[in-house]
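Okay, structure first, notes after.
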Amino acid sequence: MSALKLVDVTRVHGVGESQVVALDRVSLSVSPGELVAVMGPSGSGKSTLLNLAGALDNPSSGQVLVEGDDLAKLSPRQVAALRRQRLGFVFQDLNLIPSLTAAENVALPLELDGVSARAARKHAAEALESVGIRDLGDRFPEEMSGGQQQRAAIARALVGERRLVLADEPTGALDSTTGEAVLRVLRDRCDAGAAGLLVTHEARHAAWADRVVFLRDGKVVDTTGDPSEPESLLGSAV
Ligand SMILES: Nc1ncnc2c1ncn2[C@@H]1O[C@H](COP(=O)(O)OP(=O)(O)OP(=O)(O)O)[C@@H](O)[C@H]1O
């Protein structure tokens with residue numbers, strides 16, 4: 001079963017003359033263990049695609065299925081549970097809670113889900129370890145560098161059993177070494193069986209993926225199984 005499946009998905013923003021077709025009949029499937037990069041010019045629909053996959057937005061038509069569950073058929077409570085338990089989000093906006101330490105931020109999704117505080121702290125320590133900042137667990141976000149905060153946000157996105165990880169330019173605030181480390185964590189998680197969707201402008205980041213899907217004007221214009229060559233794809237499609 002696909003971890004994520006979009007079937008003929010269209011998303012129209014706005015009404016009347018200001019209408020924008022942000023996604024136009026997009027179909028896409030991501031399997032467990034697969035990391036798919038989404039590339040395309042500014043305004044091509046990448047964030048819209050990610051928001052739909054993460055149940056943060058609803059399609060105007062078409063279906064979005066996460067592990068076979070049609071999001072439109074779930075109750076708001078079920079959607080919230082799906083977001084907490086099965087999805088990991090890494091967005092540009094870090095959204096770490098300033099009054100909580102790094103470890104508490106990472107443990108929060110588990111605690112919200114009823115995991116005991118002790119078990120949540122243990123999982124949080126492991127997740128912080130996986131992004132190389134286990135020793136910073138007691139720091140508050142303002143006591144960490146931008147790169148360290150980003151790693152904490154990634155740890156939070158990956159903590160527990162998240163089987164679909166959605167990343168929007170996760171390396172945005174990072175120097176290139178830390179950025180590579182973050183992508184390696186994402187890659188490792190996919191190698192361990194999670195599915196990943198990575199929005200990126202950078203060909204060398206897309207090279208970590210198994211496949212690149214290229215959007216233009218809300219449509220999938222190309223897809224390649226050889227992400228080591230996304231420049232050629234960019235060259236042909238832009
Ligand atoms: N809430 C909204 N209301 C109206 N139009 C929107 C809204 N969100 C996105 N759009 C439009 O939909 C189109 C796709 O936007 P989207 O943010 O998905 O593109 P993107 O590929 O992620 O761009 P970028 O690379 O600049 O982040 C754009 O034309 C954008 O202006």
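The values are calculated or read from the model by the stated rules, or taken from the named source; none is laboratory data. For clarity, every value in this text was computed on a predicted model and none was experimentally measured. Using ideal geometry, Cβ is built from the backbone for each residue, glycine included, and neighbour counts are taken over all protein chains shown.
Taken over the stretch 139-177, the criterion of being at pLDDT below 80 and part of a helix (DSSP H, G or I) is satisfied by 176, 177. Residue count for the stretch 178-210, restricted to those that are aliphatic (A, V, I, L, M) and modelled with pLDDT of 90 or more: 8. In the stretch 41-77, the residue that is nearest to the ligand (Cβ to nearest atom) out of those that are farther than 23 Å from residue 190 by Cβ, modelled with pLDDT of 95 or more and assigned to a helix (DSSP H, G or I) is 72. The residue that is farthest from residue 218 (Cα to Cα), counting only those in the stretch 4-22 that are within 7 Å of the ligand (Cβ to nearest atom) and assigned to a strand (DSSP E or B), is 13. Figure legend. Inter-residue proximity from the stretch 147-168: first residues closer than 18 Å to residue 200 by Cβ, second residues part of a loop (DSSP other than H, G, I, E, B) and of a type in the set (D, E, K, R), beta-carbon distance below 7 Å, spacing 6+ or different chains. Indicated pairs: 147/175; 164/86. When the stretch 27-40 is limited to residues that are in a loop (DSSP other than H, G, I, E, B) and away from the ligand (no atom under 16 Å from the Cβ), the one that is surrounded by the most Cβ atoms within 10 Å (Cβ to Cβ) turns out to be 34.
When the stretch 79-132 is filtered for residues that are touching a residue at least 60 places away in the same chain (Cβ under 8 Å), closer than 18 Å to residue 195 by Cβ and in contact with a strand residue (DSSP E or B) (Cβ under 7 Å, 6 or more places away or on another chain), the ones remaining, listed by number, are 86, 87, 88, 89, 90, 91.
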